[in-house]
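First the structure, in the form of C-alpha coordinates, and then the observations on it.
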Amino acid sequence: MKITYRVYRYAPEQSVFSVNGKVYAPMYSQLAHDLGCLVIEGRVKDAEDMIKRDIRKKAKESRHCTIGFFERGTKRYFYTSQLMARDDDLLDKLRIYKEWKRFIESKNCVMGIHEISEGSFIPGQKSGAEKRTTEDIADLSRPIKIYLVA
(Lines give C-alpha, C1' and ligand atoms only; values in the text may rest on other atoms or scores of the structure.)
Protein backbone atom coordinates (compact mmCIF):
# COMPACT_ATOMS: atom_id res chain seq x y z
CA MET A 1 0.00 0.00 0.00
CA LYS A 2 1.66 3.21 -1.18
CA ILE A 3 0.55 6.29 0.74
CA THR A 4 1.53 9.70 -0.57
CA TYR A 5 0.62 13.09 0.79
CA ARG A 6 1.05 16.78 0.15
CA VAL A 7 0.87 18.95 3.25
CA TYR A 8 1.27 22.70 3.49
CA ARG A 9 2.70 23.55 6.89
CA TYR A 10 0.68 26.73 7.50
CA ALA A 11 -2.61 25.43 6.09
CA PRO A 12 -3.20 21.78 7.05
CA GLU A 13 -6.76 21.96 5.66
CA GLN A 14 -5.20 22.05 2.17
CA SER A 15 -3.58 18.63 2.63
CA VAL A 16 -4.20 15.87 0.10
CA PHE A 17 -3.61 12.18 0.85
CA SER A 18 -3.52 9.44 -1.80
CA VAL A 19 -3.42 5.67 -1.49
CA ASN A 20 -2.07 3.76 -4.50
CA GLY A 21 -2.61 6.79 -6.71
CA LYS A 22 -6.25 7.36 -5.73
CA VAL A 23 -7.28 10.34 -3.61
CA TYR A 24 -8.13 9.16 -0.11
CA ALA A 25 -8.64 12.45 1.74
CA PRO A 26 -9.45 15.39 -0.58
CA MET A 27 -8.41 18.95 0.12
CA TYR A 28 -10.52 20.95 2.62
CA SER A 29 -12.05 17.84 4.24
CA GLN A 30 -11.93 17.36 8.00
CA LEU A 31 -10.06 14.09 7.56
CA ALA A 32 -7.37 15.78 5.44
CA HIS A 33 -7.04 18.49 8.08
CA ASP A 34 -6.61 15.97 10.90
CA LEU A 35 -4.11 13.88 8.96
CA GLY A 36 -2.25 17.02 7.86
CA CYS A 37 -1.91 18.12 11.48
CA LEU A 38 -0.44 14.73 12.38
CA VAL A 39 2.12 15.03 9.57
CA ILE A 40 3.04 18.60 10.60
CA GLU A 41 3.57 17.42 14.18
CA GLY A 42 6.01 14.81 12.87
CA ARG A 43 3.69 11.86 13.49
CA VAL A 44 3.73 10.53 9.91
CA LYS A 45 3.59 6.90 11.08
CA ASP A 46 0.41 7.63 13.10
CA ALA A 47 -1.24 9.25 10.08
CA GLU A 48 -0.36 6.29 7.85
CA ASP A 49 -1.61 3.84 10.47
CA MET A 50 -4.88 5.75 10.72
CA ILE A 51 -5.34 5.53 6.94
CA LYS A 52 -4.53 1.81 6.88
CA ARG A 53 -6.99 1.07 9.72
CA ASP A 54 -9.76 2.94 7.94
CA ILE A 55 -9.13 1.17 4.63
CA ARG A 56 -9.14 -2.26 6.29
CA LYS A 57 -12.34 -1.39 8.17
CA LYS A 58 -14.07 -0.38 4.92
CA ALA A 59 -12.92 -3.59 3.25
CA LYS A 60 -14.66 -5.66 5.91
CA GLU A 61 -17.96 -3.82 5.56
CA SER A 62 -20.64 -5.58 3.57
CA ARG A 63 -21.23 -4.11 0.12
CA HIS A 64 -24.50 -4.00 -1.77
CA CYS A 65 -24.82 -5.38 -5.26
CA THR A 66 -27.38 -6.08 -7.94
CA ILE A 67 -27.51 -8.29 -10.99
CA GLY A 68 -27.56 -7.05 -14.57
CA PHE A 69 -27.43 -8.54 -18.04
CA PHE A 70 -25.33 -7.42 -21.00
CA GLU A 71 -26.94 -6.28 -24.21
CA ARG A 72 -26.54 -8.76 -27.03
CA GLY A 73 -23.30 -8.12 -28.91
CA THR A 74 -22.17 -5.06 -26.91
CA LYS A 75 -20.59 -4.11 -23.60
CA ARG A 76 -23.68 -2.19 -22.42
CA TYR A 77 -25.69 -3.74 -19.62
CA PHE A 78 -29.15 -3.43 -18.08
CA TYR A 79 -29.77 -3.44 -14.34
CA THR A 80 -32.11 -2.03 -11.73
CA SER A 81 -31.09 -0.50 -8.44
CA GLN A 82 -34.46 -1.42 -6.93
CA LEU A 83 -33.32 -5.03 -6.52
CA MET A 84 -30.37 -5.00 -4.14
CA ALA A 85 -28.70 -7.61 -1.97
CA ARG A 86 -25.74 -7.73 0.38
CA ASP A 87 -22.72 -9.22 -1.32
CA ASP A 88 -22.28 -11.89 1.35
CA ASP A 89 -25.92 -13.13 1.19
CA LEU A 90 -26.00 -15.80 -1.51
CA LEU A 91 -29.74 -16.60 -1.26
CA ASP A 92 -30.72 -12.96 -1.61
CA LYS A 93 -28.45 -12.55 -4.65
CA LEU A 94 -30.05 -15.63 -6.19
CA ARG A 95 -33.50 -14.19 -5.51
CA ILE A 96 -32.76 -10.89 -7.26
CA TYR A 97 -31.09 -12.75 -10.16
CA LYS A 98 -34.21 -14.87 -10.71
CA GLU A 99 -36.60 -11.96 -10.31
CA TRP A 100 -34.70 -9.70 -12.74
CA LYS A 101 -34.35 -12.56 -15.24
CA ARG A 102 -38.08 -13.34 -14.98
CA PHE A 103 -38.90 -9.67 -15.64
CA ILE A 104 -36.65 -9.58 -18.73
CA GLU A 105 -38.12 -12.83 -20.03
CA SER A 106 -41.63 -11.39 -19.63
CA LYS A 107 -40.60 -8.62 -22.06
CA ASN A 108 -39.08 -11.18 -24.50
CA CYS A 109 -35.62 -9.76 -23.67
CA VAL A 110 -36.47 -6.44 -25.39
CA MET A 111 -35.38 -3.68 -23.03
CA GLY A 112 -35.97 -0.75 -25.34
CA ILE A 113 -37.25 0.14 -28.81
CA HIS A 114 -35.93 3.18 -30.66
CA GLU A 115 -37.32 4.73 -33.81
CA ILE A 116 -34.69 6.38 -35.99
CA SER A 117 -35.53 8.76 -38.83
CA GLU A 118 -32.93 9.09 -41.57
CA GLY A 119 -32.89 11.10 -44.73
CA SER A 120 -31.04 13.58 -46.84
CA PHE A 121 -31.50 17.30 -47.18
CA ILE A 122 -31.46 18.82 -50.66
CA PRO A 123 -32.26 22.55 -50.88
CA GLY A 124 -35.42 23.30 -52.84
CA GLN A 125 -36.68 19.72 -52.86
CA LYS A 126 -38.90 17.69 -50.59
CA SER A 127 -37.55 14.41 -49.41
CA GLY A 128 -39.14 11.95 -47.05
CA ALA A 129 -37.43 10.47 -44.09
CA GLU A 130 -36.79 6.78 -43.86
CA LYS A 131 -37.81 5.34 -40.52
CA ARG A 132 -36.31 2.26 -38.95
CA THR A 133 -36.56 0.78 -35.49
CA THR A 134 -33.86 -0.77 -33.36
CA GLU A 135 -34.28 -2.90 -30.28
CA ASP A 136 -32.08 -3.24 -27.21
CA ILE A 137 -32.06 -6.98 -26.52
CA ALA A 138 -30.70 -8.39 -23.26
CA ASP A 139 -28.52 -11.49 -23.44
CA LEU A 140 -29.61 -13.75 -20.57
CA SER A 141 -26.52 -15.90 -20.94
CA ARG A 142 -24.23 -13.00 -19.88
CA PRO A 143 -25.08 -11.88 -16.32
CA ILE A 144 -22.96 -9.35 -14.44
CA LYS A 145 -22.73 -8.46 -10.75
CA ILE A 146 -22.80 -4.69 -10.19
CA TYR A 147 -21.70 -3.10 -6.94
CA LEU A 148 -23.74 -0.11 -5.79
CA VAL A 149 -22.19 2.84 -4.04
CA ALA A 150 -24.26 4.37 -1.25
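The values are calculated or read from the model by the stated rules, or taken from the named source; none is laboratory data. None of these values were measured; they are calculated from a predicted model. Note that we place each Cβ from the backbone using ideal geometry, even for glycine, and neighbour counts take in every protein chain shown. When the accessible area is computed, the model is the full protein with side chains, heavy atoms only, and any ligands, DNA or RNA have been set aside. Shrake-Rupley method; radii C 1.70, N 1.55, O 1.52, S 1.80 Å.
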In whole Hz, with x marking every Gly and Pro, tabulate ³J(HN,Hα) for the range 12-19 from phi via Karplus 6.51 cos²θ - 1.76 cosθ + 1.60, θ = phi - 60°.
x, 5, 9, 6, 10, 10, 10, 10
Round to the nearest 0.05 the FRET efficiency obtained for Thr80 and Phe121 when R0 = 41 Å and r is the Cβ-Cβ distance.
0.55
Label the range 52-102 by shape, choosing from rounded, prolate and oblate, from the square roots a ≥ b ≥ c of the eigenvalues of the Cα gyration tensor; if a/c is under 1.5 it is rounded, and otherwise prolate applies when a/b is larger than b/c, oblate when it is not.
oblate
Average projected area of the Cα convex hull of the chain, in nm²?
16.2
Using θ = phi - 60° and Karplus 6.51 cos²θ - 1.76 cosθ + 1.60, couplings along the range 106-122 (whole Hz; Gly, Pro as x):
5, 9, 6, 6, 8, 9, x, 10, 10, 9, 10, 9, 10, x, 10, 10, 10
Given R₀ = 35 Å, FRET efficiency for Lys58-Arg9 by Cβ-Cβ distance, to 0.05?
0.75
Please identify the chymotrypsin sites (Phe, Trp or Tyr not before Pro) of the range 94-133 that satisfy two criteria: DSSP loop assignment and at most 14 other Cβ atoms within 10 Å. Which are they?
Phe121
Per residue, how many Å² of accessible area does the range 1-124 show with a 1.4 Å probe?
71
Positive-end extreme of charge dipole, the range 7-47 - chosen from Val23, Gly36, Tyr8 (charges on Cβ):
Val23
If the label point is 7 Å along Cα→Cβ of Cys37, which residues in the range 1-24 have backbone nitrogen under 12 Å from it?
12-13
Which residue fluctuates the most in the chain, going by a Gaussian network model with Cα springs under 10 Å, if the choices are Gln82, Gln30, Gln125?
Gln125
Hey, could you pull the Cα Rg and Dmax for the range 62-149, both in Å?
18.9, 66
Past 22 Å, Cα to Cα: identify those pairs from Lys101/Lys145; Lys60/Lys98; Lys2/Lys75, in the order given.
Lys60/Lys98; Lys2/Lys75
Just to confirm a number: summing +1 for Lys and Arg and -1 for Asp and Glu over residues other than Leu94 whose beta-carbon lies under 14 angstrom from that of Leu94, what do you get?
+2
Treating the beta-carbon of each Lys and Arg as +1 and of each Asp and Glu as -1, no other charges, what is the dipole magnitude of the chain about its Cα centre, to the nearest 20 debye?
360
